[in-house]
Every structure is written in C-alpha cells, then in structure tokens.
Amino acid sequence: MTVSDVYHPPLFSIAPMMGWTDNHYRTLARLISKHAWLYTEMLAAETIVYQEENLDSFLAYSSEQHPIVLQIGGRDLENLAKATRLANTYAYDEINFNCGCPSPKVSGRGCFGARLMLDPKFVGEAMSVIAANTNASVTVKCRIGVDDHDSYQELCDFIYTVSSLSPTKHFIIHSRKALLSGLSPADNRRIPPLKYEYFFALLRDFPDLKFTINGGINSVVEADAALKSGAHGVMLGRAVYYNPWHILGHVDTVIYGSPSSGITRRQVLEQYQVYGESVLGKYGKGRPNLRDIVRPLINLFHAEPGNGQYKRRTDAALLHCTTLKSFLDEVLPAIPDFVLDSSVVKESTGREDLFADVQRLLPPPYERESQNHRKRGESLPTKPVTRDEE
C-alpha cells in the first residue's frame, strides 16, 4: 500500500521552514486542515546520525500529523543512508531532499542545499541512496537555478539527470533562483524574480514527472489557480505561517472539495492546550518551553478584532506564565467571543489570474540530454546499481 492509497494527494503542502515548522506548528496546522501535507524543518543528516540516542526530540510526531514529509539535507552519502534508516522508525510518508536552501550556513560551509543544484549527478546518487534505505517515497525540493546557472536548459538538465539516475519522480520547484553570495535567505525569497514560466515549461517537457510549485503564492485562491493551470501541487510557506486560520481553514474545502469541519478557534485552542500541556518540558527542563509551544499561536487571530491587544498580552504573559492553560486564560480575553466561536467564513483573497499569461512566456522546449548524447555518440546515463549501505 502506498501513501496515495491512504491520504489525499499533495495538492497543497506547507513548506519546510527552519525554526517554524516544528512539531508544535504542525500540530496546530493539522487541527485546522485535515488534508494539507506537512513538512518538517530541514534536518541535516549529520544531526540525525549524531543524535541517534536522542531522536525523539527531533523526529517524533503524533499520528494525527499524517501525511507528513521529513526533509533532510546533506552531502555525505553514508550519513544520508544512515539518517534515512534511523528515520524509518518514525514512518514518515515521504522523504524530501533539500536542494533549495540558500542559507550560507547550508550552501557555504555545509556545501549542500541550493549549491547541490550545481552537481546533479551527486543529487541523483544521493536520491538513489535515500530510496534504497526507505520504503517511503522520495522527492527533491530545489530552485530554478543558482547564481549565473539560471537558464531553463540548466534547470532541465538538473531535473533530467536526477530523475534518470534515481527513483525521483516528484520535484518541488521554488520558482526563483538562489543567489549564494551577498543575499540573506530572506532576500533570496524576495529579490530574485519569480519565473513561473520555467515551472510550467517543466510540466510540458517532463510529462512523466510530477511538479509542485512554490514561491510567491499567498492564498488559497492563488493555489487553486495554480492547480487549475496544470500544477500537480502547490506549496505555501510564510503566508500560511502568518495567516494560518484564513488560509489553512479553506484548504480542505477549496483545494480538496471536502465539507467544512465547522471547527472554531476556541475548539482548536482547547485541543492544542491538551497537546501543549502534554509536551511541556518533555525532553528535559525547558525542552520545549512555554514560549516554544505558544509561538505557533501568535498569528492565529491575524487581522481580527483584538489581535493587537492579544499580541501585547502574549508578550507580557510569557514573562511569568508556566502552563499553557494559564497563558490562554490571560491572553484570550482580548479576543471577542464572536471571533473565537466562528468557523472559517471569510472569503480568501488573492489573484485568480496570477498565471493567466504564463503560457505565452514559456521558454523553447527542452532539448533532452539524450538527444545531445546521441549527437555526440555517447552513452546515456544509467541508474546506478543499488549498494548495500550496511
């Protein structure tokens, strides 16, 4: 039985975000949406390997979080293999390999993340190693290019090489290139221009693969527009984090066609309180602490009456509250009852025409590497023989 037999397909995913998509945030997200696919923060393979005796604090999650994807990063094949085997105990539905993070800590000293797009043969080998050590599906998250290596041809070379050398059949494409020198990760999400035409050209040129679009999509309306334009899936990141109720609250109905659960934010908080009290200090004093558990709740009342006072009370309450119940008792009086007790009814806004002109901007079709090899009389790349990594 495959994950597609158990869960709805990954039409909508929440992006892996360092410091944000931790166990606490994913718990809140799942209370609001039953079908959105959740991603962990990126975990370096070395972290998993070196923390073998303490894996629960990094990899454990509740069964309600399915479908859930573990994102790992790294460049050492032996550590990638061992990390994958160690993660098997936790039964993630997919394992995603990070080839898109532009952080200097990752792409510089770590020599992985977006920098790996410059070495597609290694990525293909890494994906084969990961796949050989798990029964979960394997996927790659990448950019459309790196620095001056940003042509559509080079992007296609990367996709073709990785998919030819490994079982990878699904790519999550952040539709901006990464600039590895001179830009912060935040600027890399804002300054390089979006090139949605590259993403939609991949749909045309690789009909046997699946592609999820990421970058610059800020609402369920825009996610729905991407799906209607042909994307196999849509991934949102910070937009969901900053406005979880009014985005995730529409995912199940708009994206998946399910009836509304009718859940209210008061009910969400009642369930989250049970979770929060159960994990407070679970891994030792202050791990996690109350601030960690409260962080996902900060934006739950985005743009609602009382939100400003709620946030001010949050800052004050975290200075002295020791339980989630005492925290909620102190901050929730700032929110009117009609806000706490209403289900998601506000219309989600966004540009329905975000991709209206993309087809006329498509680059010329990719001249597949196979054609180039045949012209030169070279042999095609073949999938490597799977090695026993024990």
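Read-outs: derived from the displayed coordinates by stated rules, not from any lab. Treat the numbers as computed from the prediction; the structure is a model and nothing was measured. Here the Cβ positions follow ideal geometry from the backbone for every residue, glycine too, while neighbour counts run over all protein chains shown.
Here are a few candidate values for Cα extents along the principal axes in Å: (i) 64, 47, 44; (ii) 74, 51, 46; (iii) 102, 52, 45. Which one was actually calculated from the structure I just gave you? Among (i) 64, 47, 44; (ii) 74, 51, 46; (iii) 102, 52, 45, the one derived from this structure is (ii).
From most to least packed by mean Cβ count within 10 Å, the peptides 179-185, 130-136 give 130-136, 179-185. Going by neighbour counts of Cβ atoms within 10 Å, the residues 217, 263, 191, 159 line up, fewest first, as 191, 263, 159, 217. Largest mean-square fluctuation among 35, 302, 66, in a Gaussian network model of the chain whose springs join Cα atoms under 10 Å apart, belongs to 302. Remark on the chain: 101, 111, 156, 321 stand apart, with no other cysteine beta carbon under 4.7 Å.
Its Cα centre serving as origin, segment 182-276 has a Cβ charge dipole (Lys and Arg +1, Asp and Glu -1) of approximately 200 debye. With 32 Å as the limit, the listed pairs 228/325; 121/195; 82/285; 210/325; 141/325 have 228/325; 210/325; 141/325 beyond it between alpha carbons.
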